[in-house]
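Data block below; observations after.
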Amino acid sequence: MPVFWNGQRVGTRPEPVDIDEDTLQKIANMTGGKYYRADNAQKFQAIYGEIDKLEKTEAEVKKYADRVLDGARLAPGMTLADIGTGDGLIAFSAIDRVGPSLSVILTDISAPLLRHSEALAVQRGVRHQCAFIECSAEVLGGIADASVDAVTTRAVLAYVPDKIAAMREFHRILKPGGRLSIAEPVNRDDAFEVSALKRMVDALPAESGNDFFHLLHRWKAAQYPDTEEKISANPFTNYSERDLVRFALDTRFARYSICRDSHGVPH
Ligand SMILES: C[S@@+](CC[C@H](N)C(=O)[O-])C[C@H]1O[C@@H](n2cnc3c(N)ncnc32)[C@H](O)[C@@H]1O
């Protein structure tokens, strides 16, 4: 707690903390996680060191980006549109793969992210190969019909409310025979599990004294919507991989191939 002297904050005094370690440990075991507690600076450093070693996100993201690019089958002289480019991971990897004859259109709904990826393009010396367009995936204004050889998108449709409109736009800008290659997280099943957990918690007697499932529900509900209505209304959870394939087929993509943890949808 903060300590004041003559109205000035002069430091902090450690407070006794009441943590239900048993429950937190149980949650970690149940969810395949790990429970850590640091009560001094040294332990804190040691735990951070251990967590750093566990951190695989960057490598995972790169793996998905590479698979998306494999699906796009880019070749010299082609034009790629990378939709929802973020910091240009896929766009710049594509340029690294194909070389100076590849043109890339980088789109994003976020102007600051586009400015950031433009600065990265300058740093990498590839600005002249890139065009930057601020737009939503649902309306790719500024990209002409049948003007690109491939469309890529990774972890973007999960944020797009009207995924069919986005697929229509991908189809519109692709040349005949062009390819769409996408990778999206599919969160619906996890969200359904949380809604089942909520139903179970709601059915527990109020005075059961069992805090474990309440706590588990609060933690999970911070990550996923926890009712079927909310799941269907949320673009992050309201689709499965089969829906993505159906949207693509409905928008006249001719053939598709699908992988369990990423999706390539050839045109
Ligand atoms: C998780 S990031 C993925 C970035 C990039 N595709 C990658 O593979 O690293 C999601 C990106 O989608 C963008 N985004 C969110 N909603 C969008 C929309 N409706 N249309 C286009 N981009 C959108 C965000 O601004 C962000 O850059």
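Taking segment 130-151, which residues are part of a loop (DSSP other than H, G, I, E, B), more than 10 Å from the ligand (Cβ to nearest atom) and either surrounded by 19 or more Cβ atoms within 10 Å (Cβ to Cβ) or modelled with pLDDT of 95 or more (or both)?
I143, A144, D145, A146, S147
Looking only at segment 63-99, which residues are basic (K, R) and out of contact with any helix residue (DSSP H, G or I) (no Cβ under 8 Å at 6 or more places or on another chain)?
Result: K63, R67, R73.
Report yes if D82 is buried (at least 22 other Cβ atoms within 10 Å of the Cβ) and closer than 24 Å to E184 by Cα, otherwise no.
yes
A quick yes/no check of all residues on (1) within 16 Å of the ligand (Cβ to nearest atom); (2) under 23 Å from the mean Cα position of the chain (by Cα); (3) in contact (Cβ under 8 Å) with a residue 24 or more places away in the chain:
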site: A94; (1), (2), (3): yes, yes, yes
site: P100; (1), (2), (3): no, no, yes
site: I105; (1), (2), (3): yes, yes, yes
site: A111; (1), (2), (3): yes, yes, no
site: H128; (1), (2), (3): no, no, no
site: R188; (1), (2), (3): no, yes, yes
site: V194; (1), (2), (3): no, yes, yes
site: M200; (1), (2), (3): no, no, no
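Looking only at segment 152-184, count every residue that is closer than 14 Å to E138 by Cβ and more than 12 Å from the ligand (Cβ to nearest atom) and tell me the total.
6
Residues of segment 155-179 being part of a strand (DSSP E or B) and out of contact with any Gly (no Cβ under 8 Å at 6 or more places or on another chain), which ones?
Within segment 155-179, L174, K175, P176, G177, G178 meet the criteria.
Out of all the residues in segment 73-90, which are within 13 Å of the ligand (Cβ to nearest atom), in contact (Cβ under 8 Å) with a residue 40 or more places away in the chain and closer than 21 Å to K175 by Cα?
If the condition is that a residue be within 13 Å of the ligand (Cβ to nearest atom), in contact (Cβ under 8 Å) with a residue 40 or more places away in the chain and closer than 21 Å to K175 by Cα, then L80, A81, D82, I83, G84, I90 are the ones that fit.
Being in a loop (DSSP other than H, G, I, E, B) and out of contact with any Pro (no Cβ under 7 Å at 6 or more places or on another chain) narrows it down to one of A119, A75, so name that one.
A75
The values are calculated or read from the model by the stated rules, or taken from the named source; none is laboratory data. Note that the coordinates shown come from a computational prediction; the quantities given were computed from them, not determined experimentally. So basically every Cβ, Gly included, is an ideal-geometry build from the backbone, and we count neighbours across all protein chains shown.
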